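Since the structure comes first, as structure tokens, the remarks are kept for the end.
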Protein chains: 2
Amino acid sequence: MNIAVVLFDDFETLDVFGPVEVFGRLTDKYSIKFYSQHGGEIKNRHGVSIITERLDEINGDLEIFIIPGGYGTRKEVYNIMLIDKIKELSLCSKFVMTVCTGSALLARTGLLDGKQATSNKRAFAWAKTNSEKVIWDNKARWTTDEKYYTSSGVSAGIDMSLGFLSDRFGIEFARQVADEIEYIWTEDKDNDTFTAQV
Amino acid sequence: MNIAVVLFDDFETLDVFGPVEVFGRLTDKYSIKFYSQHGGEIKNRHGVSIITERLDEINGDLEIFIIPGGYGTRKEVYNIMLIDKIKELSLCSKFVMTVCTGSALLARTGLLDGKQATSNKRAFAWAKTNSEKVIWDNKARWTTDEKYYTSSGVSAGIDMSLGFLSDRFGIEFARQVADEIEYIWTEDKDNDTFTAQV
């Protein structure tokens, strides 16, 4: 099953590599590739530099399309070409996952209209400005609404990824993966320690 | 303050990007670069591909030298040239940090002789085989002994990095960073949930 991660300059490191750690280790199930609007090297302010293919090069249906957050989203929400491409690929994906302010990018496509979503609790007020039609949940660690999974900030992407595995393969399987990466998993998606003051 | 991360094929994704998330966001304090024995593209089985410089190109003293773990360590513990280079750079670094089975590589240098260290609890028995002279601690989330910090598996690298910030800048500062990345920090380094059955 193919997973595509969309990158853009100034993505948040752990938004990407939390889920990549969880799904990446399941080599018998998932194959992960990194993409960006124009392909090539994508950097962030943490000193990370990743080689990507162009989003146009994605062939076939995706099992999961992952959209991270980070400072870069502040700019990319106005990148109409990228938002259109995210919409097109989200429609062709079995599941769509956002981490942190990645939900702001997905909200801009209109695909979250009338659906539950969350975001980084520290950037929640800003995330909400990207769509009044989304049912923004400021208490969730992560949300699920039909095929859309959205998580709170940074490390919450790990919790959501484990939650996704739990939904697909059972909670014991997800607990086993959490155990393998020695991660203390917040199993309850509705109960975030870092509740938004909004 | 410069941080260098040494990469090798089949490094563990989160071993690297957990600490990179923690230190990377402190752009007023730290600058992170990625290195490998021969430079160029380094890949792992999670589909991650990182561009690195050669370890020989490191100029000047390092504040922190980070050594991740992963399947690749099984092979690299026999790579004498790499172990020698890790030893040389560790000696020139103010602090040395290992995540997961990265401690096996550092143990091979002899620099951990007579010092406390830990490793991934699932690979603990193997890690121990790399040196009988290390005081292996199978209960710690992470250990500190002089300038050497070693953490348990994968996500424990995040706890150790926050612990390092706590040691340098105070626990309130570390808690603030944990809060920013919405991470539930295990503050007690001596108390790992994932205790080794060894």
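Counting Cβ atoms of other protein chains within 10 Å of each residue's Cβ and taking the mean over peptide A:42-54 gives 4. In chain A, the beta carbon lying closest to the axis that superposes A onto B belongs to the residue given here with its whole-angstrom distance, A:F17, 2. Sorted from shortest to longest, the distances between the B:H38 label points of this copy and the other copies are 3.2 nm, with each point 7 Å from Cα along the line through the beta carbon. Say a paramagnetic label sat at a point 7 Å from the Cα of A:D56, along Cα to Cβ; which residues of segment A:80-122 have their backbone N under 14 Å from it? Counting backbone N atoms under 14 Å from the label point, the list is A:81-82, A:85. Beta bridges assigned by DSSP with both partners in segment A:88-198 are antiparallel in approximately 45 percent of cases. Per-residue ellipticity at 222 nm, computed for the protein assembly as shown from helices alone with -39500 (n - 2.57) per DSSP H run of at least four residues, works out to -9500 deg cm²/dmol. Under the shape rule built on the C-alpha gyration tensor, where the axes satisfy a ≥ b ≥ c, segment B:90-198 is oblate, since a/c reaches at least 1.5 while a/b does not exceed b/c. Computed about its Cα centre, the charge dipole of chain A is approximately 540 debye, with only Lys, Arg, Asp and Glu carrying charge at their Cβ. Summary of packing: across the peptides B:169-175, B:99-105, the per-residue average of other C-beta atoms within 10 Å ranks them, highest first, as B:99-105, B:169-175. With its label point put 7 Å out from Cα toward Cβ, B:E132 sits 7.5 nm from the same residue's point in the other copies, in order from shortest.
Net charge in the neighbourhood of B:I32 (other residues with Cβ under 13 Å of its Cβ; Lys, Arg +1, Asp, Glu -1) is +2.
Can you pick out the pairs among B:K75/B:K115; A:K94/A:K139; B:K94/B:K128; A:K43/A:K139; B:K29/B:K75; A:K189/B:K75 whose Cα atoms lie more than 28 Å from each other? Violating the 28 Å limit, Cα to Cα: A:K43/A:K139; B:K29/B:K75; A:K189/B:K75.
The chymotrypsin sites (Phe, Trp or Tyr not before Pro) of segment B:50-95 meeting both criteria, a DSSP state outside H, G, I, E and B (loop) and at most 11 other C-beta atoms within 10 angstrom of the site's C-beta, are B:Y78.
Between copies, the label points at A:D113 (set 7 angstrom from Cα along Cα-to-Cβ) are spaced 7.1 nm, reported in nanometres from shortest to longest.
This model, with +1 at the C-beta of Lys and Arg and -1 at the C-beta of Asp and Glu, gives the protein assembly as shown a dipole about its Cα centre of some 140 debye.
Ordering A:V22, A:V48, A:F95 by the projection of their Cα atoms onto the charge dipole of chain A, which places +1 on the Cβ of Lys and Arg and -1 on the Cβ of Asp and Glu, puts A:V48 at the extreme positive end.
Computed over Cα pairs, the Kirkwood radius of the protein assembly as shown leads via Stokes-Einstein (1.567 mPa s, 4 °C) to a diffusion coefficient of 62 µm² per second. The Cα trace of segment A:1-68 gives Rg and Dmax of 11.6, 33 Å, the first to one decimal, the second as a whole number. Here the Karplus curve 6.51 cos²θ - 1.76 cosθ + 1.60, taken at θ = phi - 60°, turns the phi angles of segment B:43-51 into couplings of 10, 9, 6, 8, x, 8, 9, 10, 7 Hz, with x standing for Gly and Pro.
Net charge in the neighbourhood of B:K94 (other residues with Cβ under 9 Å of its Cβ; Lys, Arg +1, Asp, Glu -1) is -1. Between the alpha-carbon centers of segment B:141-198 and segment A:140-162, tell me the distance in whole angstrom. When both Cα centres are located, 24 Å separates them.
Across segment A:108-113, rounded Karplus estimates of 3J(HN,Hα) from the backbone phi angles (6.51 cos²θ - 1.76 cosθ + 1.60, θ = phi - 60°) give 5, 6, x, 5, 8, 3 Hz, Gly and Pro being marked x. Per-residue accessible area (protein heavy atoms, 1.4 Å probe) orders A:W142, A:W185 as A:W185, A:W142, starting from the largest.
The values are calculated or read from the model by the stated rules, or taken from the named source; none is laboratory data. None of these values were measured; they are calculated from a predicted model. Neighbour counts are summed over all protein chains in view; Cβ atoms, including those assigned to glycine, are modelled from backbone coordinates with ideal geometry. Heads up: the accessible areas ignore ligands, DNA and RNA and are worked out on the full protein's heavy atoms, side chains in. Shrake-Rupley method; radii C 1.70, N 1.55, O 1.52, S 1.80 Å.
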